[in-house]
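Trainee: Below is the structure I would like to discuss, written out as structure tokens.
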Amino acid sequence: GENVEQHPSTLSVQEGDSAVIKCTYSDSASNYFPWYKQELGKRPQLIIDIRSNVGEKKDQRIAVTLNKTAKHFSLHITETQPEDSAVYFCAAPNSGGYQKVTFGIGTKLQVIP
Amino acid sequence: GAGVSQSPSNKVTEKGKDVELRCDPISGHTALYWYRQSLGQGLEFLIYFQGNSAPDKSGLPSDRFSAERTGGSVSTLTIQRTQQEDSAVYLCASSSPVGLFSTDTQYFGPGTRLTVL
């Protein structure tokens with residue numbers, strides 16, 4: 001099965017700075033890499049995802065990069081704002097025609113005003 | 001449209017009692033997942049249903065846990081003889097993979113917070 005490692009587990013940045021969260025995965029056949037944001041007391045929600053046919057995807061202040069050779073992908077948040085404070089989870093799917101994903105342990109991001 | 005709903009939102013029970021948690025997925029979603037999230041922790045996979053296929057129960061922590069999905073829609077997670085370590089938020093998610101080799105966004109419900117006294 002898939003093994004997903006995520007780091008750092010906690011991250012504090014000043015408002016306006018950038019934040020980067022990294023994940024590695026073990027299954028070279030994985031082809032879909034989502035990122036979920038979970039605000040305190042709320043449900044996880046997808047914020048961005050990338051499929052293996054591209055190396056980078058952007059959506060306003062957030063971007064995800066994928067390096068299939070090295071089997072890692074990263075979430076980049078620029079110009080961080082206090083509302084970006086949350087726990088972020090990466091995930092990667094099991095291969096073999098299977099839709100189950102394995103989540104990373106999560107990164108607690110704190111944006112300091 | 002309506003998202004994933006779960007009930008109850010909160011459940012307090014005594015050790016040894018059985019509990020049932022319900023999940024209503026988004027209409028038309030063929031895949032349904034249950035996760036457990038302890039305070040400040042990550043998402044622990046419990047069980048996965050996909051269409052009419054046999055469920056993947058590999059994440060269930062013990063035989064006290066079971067789940068059903070009736071008619072390919074509503075799912076019920078049952079915990080028998082609850083223990084204090086079962087206290088957590090139980091999250092349900094559904095998705096609509098396009099094909100067998102497709103993975104798609106999971107839409108999460110609000111969760112059920114279970115407290116075992």
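Trainee: What single numbered condition from (1) assigned to a loop (DSSP other than H, G, I, E, B); (2) at pLDDT below 90; (3) not hydrophobic (A, V, I, L, M, F, W, C) fails to hold for B:GLY71?
Mentor: Among (1) assigned to a loop (DSSP other than H, G, I, E, B); (2) at pLDDT below 90; (3) not hydrophobic (A, V, I, L, M, F, W, C), B:GLY71 violates only (1).
Trainee: Being of a type in the set (Val, Ile, Thr), in a loop (DSSP other than H, G, I, E, B) and farther than 29 Å from B:GLY3 by Cα is true for just one of A:VAL54, A:VAL20. Which residue is that?
Mentor: Step by step, each of A:VAL54, A:VAL20 is checked, and only A:VAL54 is of a type in the set (Val, Ile, Thr), in a loop (DSSP other than H, G, I, E, B) and farther than 29 Å from B:GLY3 by Cα.
Trainee: If we keep just the residues of segment A:62-91 that are among the small types (Gly, Ala, Ser) and surrounded by 13 or more Cβ atoms within 10 Å (Cβ to Cβ), which is nearest to the other protein chains (Cβ to nearest Cβ)?
Mentor: Result: A:ALA91.
Yes/no matrix, rows are residues, columns are (1) within 14 Å of chain A (Cβ to nearest Cβ); (2) over 12 Å from the mean Cα position of the chain (by Cα); (3) in a strand (DSSP E or B):
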site: B:ARG22; (1), (2), (3): no, no, yes
site: B:GLN41; (1), (2), (3): yes, yes, no
site: B:TYR48; (1), (2), (3): yes, no, yes
site: B:SER53; (1), (2), (3): yes, yes, no
site: B:GLY59; (1), (2), (3): yes, no, no
site: B:SER62; (1), (2), (3): no, yes, no
site: B:THR76; (1), (2), (3): no, no, yes
site: B:TYR90; (1), (2), (3): yes, no, yes
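Trainee: Among the numbered criteria (1) more than 10 Å from chain B (Cβ to nearest Cβ); (2) surrounded by fewer than 19 Cβ atoms within 10 Å (Cβ to Cβ); (3) touching a residue at least 12 places away in the same chain (Cβ under 8 Å), which single criterion is violated by A:ASN94?
Mentor: (1)
Trainee: Which one of these does B:THR82 not meet: (1) outside any strand (DSSP E or B); (2) under 20 Å from A:LYS100 (Cα atoms)?
Mentor: For B:THR82, the failing item is (2).
Trainee: Residues that are out of contact with any Asp or Glu (no Cβ under 8 Å at 6 or more places or on another chain) and more than 30 Å from B:ASP56 (Cα to Cα): list the strands (runs of 3 or more DSSP E) wholly contained in segment A:60-113 that include at least 1 such residues. Break it down into steps so the answer makes sense when it comes.
Mentor: Details: elements: A:62-67, A:72-77, A:86-93, A:101-103, A:107-112.
Of the strands (runs of 3 or more DSSP E) lying wholly inside segment A:60-113, those with at least 1 residues that are out of contact with any Asp or Glu (no Cβ under 8 Å at 6 or more places or on another chain) and more than 30 Å from B:ASP56 (Cα to Cα) span A:62-67, A:72-77, A:107-112.
Trainee: Mind listing just one residue for me: the one in segment A:14-61 that is surrounded by 15 or more Cβ atoms within 10 Å (Cβ to Cβ) and touching a helix residue (DSSP H, G or I) at 6+ places or on another chain (Cβ under 9 Å) and, of those, nearest to the other protein chains (Cβ to nearest Cβ)?
Mentor: A:LYS37
Trainee: Among the residues of segment B:30-39, write down those that are more than 10 Å from chain A (Cβ to nearest Cβ) and surrounded by 18 or more Cβ atoms within 10 Å (Cβ to Cβ).
Mentor: As a first pass, look at segment B:30-39 and keep what is more than 10 Å from chain A (Cβ to nearest Cβ): B:32, B:34, B:36, B:38-39.
Result: B:LEU32, B:TRP34, B:ARG36.
Trainee: Residues of segment B:34-74 being farther than 11 Å from B:ALA88 by Cβ and hydroxyl-bearing (Ser, Thr, Tyr), which ones?
Mentor: B:TYR48, B:SER53, B:SER58, B:SER62, B:SER66, B:THR70, B:SER73 - these are the residues of segment B:34-74 that are farther than 11 Å from B:ALA88 by Cβ and hydroxyl-bearing (Ser, Thr, Tyr).
The values are calculated or read from the model by the stated rules, or taken from the named source; none is laboratory data. Bear in mind the structure is a predicted one, so any value in this text is a computation, not a measurement. Every residue, glycine as well, gets a Cβ built from its backbone with ideal geometry; the counts of neighbours run over all protein chains shown.
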